[in-house]
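The values are calculated or read from the model by the stated rules, or taken from the named source; none is laboratory data. Note that the coordinates shown come from a computational prediction; the quantities given were computed from them, not determined experimentally. Neighbour counts are summed over all protein chains in view; Cβ atoms, including those assigned to glycine, are modelled from backbone coordinates with ideal geometry. The area values use the complete protein model at the heavy-atom level, side chains included, leaving out ligands, DNA and RNA. Shrake-Rupley method; radii C 1.70, N 1.55, O 1.52, S 1.80 Å.
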Amino acid sequence: MDKPSGTSSRLLSLDAMRGFTIAAMIMVNFPGSEEHVFPTLHHTKWNGLTFTDLIAPVFLFIVGVSIALAYSRKIGLPGSKGDLYKKIIIRSVKIFAVGMFLNMMPNFDFSDLRYTGTLHRIAIVFLVCAFLYLNTSWKQQAYLGITILVLYWLALTLIPTPGEGQVMLEPGRNIAAWIDQQFLPGKMWQGNWDPEGILSTFPSIVTGITGMLAGKLMISRFSPNEKSNYLMVAGLFSAAAGYFWGLAFPVNENLWTSSFVLVTSGFASMLLGSLYFLVDILGRTKGTAPGVIFGANAITAYVLADIFALVFYLLPIDGQTLNQHAVTAMSEAGLDPRLASMLYAWFFVALNFIPAYVLYKRKIFIKL
């Protein structure tokens, strides 16, 4: 555990954005009832985009921004890059290991183990993007990102799926799923394919690269207003490009398609630009405190949510779990079951806010 240093050089808008993204992640992961959820609070079954689909790429974009802000100050400092590489690798391994721990809960059955997940992808994207940032220019990063997106598009739309004899983009019947079936160890989330599989990890790294490019802009010599404007303009162009690319290569979170990268990174850039203008430039900080507090220990809050869920979602009391009791009671009182489910999810987010608040008040960051 580390005591946080002064925050004068921090972007309050980025801290708040990180925290609200984690809060949104907890909310959609833990509805009061899986059977009663507003459509936009579910992942799309395949092609398309919902609010829920935006959360993971926005967080990876923030990871990229944070890399640029953190490591730009360390490039050129005395000492070898080896020590910095070691810290990056150790942190990535720790995040990956925590992801494995969460995957094993609550039964810890090693014969039914999944090696992929949200934290696993964060760990990989952080590792690759941090090494890229320390060893390449922003132009090289941009060219690499474009190259990956184009090659990924060509691979998925030109290479026939083995066993099918034709190019396919259907669930479990595409080249990405086939690669997972051949090479991905352990259990796959959807039986014969995984949304955080091997091939889709490459475009997810590009999501991190787009964040690094935004971070590079934030540490440039442009004025604050110019930075905000450029973020929003670049985001608009990216989202528009992703939309039109999506007409040929559908926007799809499960495959993390190239169009999905552009649309979601564009949204994240516009969101950051807007928040930066309102919070850091205009100083309108009202309402940012919950996000800043969650963001101070973002991954810790995410992990605690999975642990608290053992009690609030799995422990039976009088034949039902606490969430089932709550949603049933609110539904019987006349609330739409979907609204009752969302209200319980908000309650669960508020519950997880308590330890985050305690850590923040004690000025403690838990860095994995």
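Points to keep in mind about this one:
- The range 184-266: Cα Rg divided by the 2.2 N^0.38 Å rule of thumb: 1.32
- Per residue, the range 236-368 exposes 48 Å² of accessible surface when a 1.4 Å probe is rolled over the protein heavy atoms with every protein chain present.
- Cross-link pairs exceeding 30 Å between alpha carbons, from the set 45/361; 227/286; 81/361; 86/286; 87/286; 139/361: 45/361; 81/361; 86/286; 87/286; 139/361.
- Listed candidates (i) 30, 28, 21; (ii) 34, 26, 18; (iii) 54, 26, 18 - label of the one calculated as semi-axes √(5λ) of the Cα gyration tensor in Å: (i)
- Trypsin sites (Lys or Arg not before Pro) within the range 124-217, DSSP loop, no more than 16 other Cβ atoms inside 10 Å: 187
- For residue 114, the residues whose amide H sits under 5 Å from its own are 187, ignoring neighbours fewer than 5 places away on the same chain, with H placed 1.01 Å from N.
- Here the range 228-368 exposes an accessible surface that is 70 percent carbon and sulfur, computed with a 1.4 Å probe and the other protein chains kept in place.
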